[in-house]
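Contents: one structure, followed by commentary.
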Amino acid sequence: MSTLDKKLITSSELTEESPDTEKLLLRRLKNSSSGEDYFRWMLFVVGFYRGVNKVTAATELLEEFIKTSTDIEQSAHCYLALGQIATDERLHEAALNHFTSALELSPKRRKVVYVLHNNIAFCLNSLGRFAEGEAECRIAIELDWTRASGYRNLGVSLHGQNNLAGAAWALTEAVKADSIDNRARILLERLVALHPSLGTHCPWVLESLSSNGDASPEMLMI
């Protein structure tokens with residue numbers, strides 16, 4: 001987790017081969033010296049549970065924390081994590097509710113707000129609510145126009161509304177924003193394959209596809 005100072009843990013303590021990893025993490029969590037320390041260790045436990053497919057345990061830990069927390073930023077982070085877990089399970093309606101709950105807390109961190117709007121857009125696209133998804137993408141891009149994921153999801157939203165030129169533009173911007181991440185490139189290639197005339201009407205699409213991309217594609221919403 002990005003909020004955890006991983007220097008607190010030595011590599012020998014947290015190896016996949018160790019059967020005592022869960023006990024170690026829970027002991028560290030129980031012995032936390034402050035509320036902030038507890039929150040950091042809780043996120044580490046949640047990350048561990050997600051890694052070993054103990055989704056129910058991770059969910060329960062996050063939900064219990066939300067019930068007692070008075071810290072808006074921490075609660076928003078927990079809702080974000082719950083939404084990501086639901087997304088992993090392809091429960092897009094549930095994920096949408098979690099991300100929306102996080103946003104309703106009005107978190108202050110700009111990066112978190114960007115991710116929430118972008119993830120909401122991903123869920124809306126997955127549910128076929130493309131116009132609503134487009135609106136969320138545009139908010140995310142306004143918050144940070146340098147990140148590829150907002151443009152990538154915008155491309156999906158516009159394609160879903162049959163705005164082919166707009167989708168091509170958004171996906172091209174995503175490719176330019178992060179040439180290493182092949183996800184937007186894959187979507188753009190599929191779009192051109194489905195609509196070959198885009199290469200003629202939007203020649204800049206072919207220029208974008210001619211650049212090198214080395215990363216392997218993966219499915220992710222942020």
Seminar exercise, completed: Taking segment 83-113 and keeping only residues that are within 20 Å of Phe130 (Cα to Cα) and touching an Asp or Glu at 6+ places or on another chain (Cβ under 7 Å), one is left with none
Exercise. Any idea how many residues of segment 172-207 are open to solvent by less than 50 Å² (accessible area, probe 1.4 Å) and touching an Asp or Glu at 6+ places or on another chain (Cβ under 9 Å)?
Worked result: 7
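At pLDDT 95 or above and surrounded by 12 or more Cβ atoms within 10 Å (Cβ to Cβ): does that describe Ser69?
Criteria not met by Ser69.
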Problem set entry | helices (runs of 4 or more DSSP H) fully within segment 129-188 counting 1 or more residues that are within 20 Å of Gly199 (Cα to Cα) and of a type outside the set (A, V, I, L, M) | 148-160, 164-177
Exercise. What is the one condition in (1) without any contact (Cβ under 8 Å) to a residue 24 or more places away in the chain; (2) among the hydrophobic types (A, V, I, L, M, F, W, C); (3) out of contact with any His (no Cβ under 7 Å at 6 or more places or on another chain) that Ile139 does not satisfy?
Worked result: (3)
For this session: Give segment 48-64 a look and list any residue that's at negative phi, loosely packed, with under 15 Cβ neighbours inside 10 Å and not aliphatic (A, V, I, L, M), or say none.
Result: Gly51, Thr56, Glu60, Glu63, Glu64
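The values are calculated or read from the model by the stated rules, or taken from the named source; none is laboratory data. Predicted, not measured: the structure shown is a model, and the values here were computed from it. Glycine also receives a Cβ, built like all others from the backbone with ideal geometry; neighbour counts cover every protein chain displayed. The accessibility values were calculated without ligands, DNA or RNA, using every heavy atom of the protein model including side chains. Shrake-Rupley method; radii C 1.70, N 1.55, O 1.52, S 1.80 Å.
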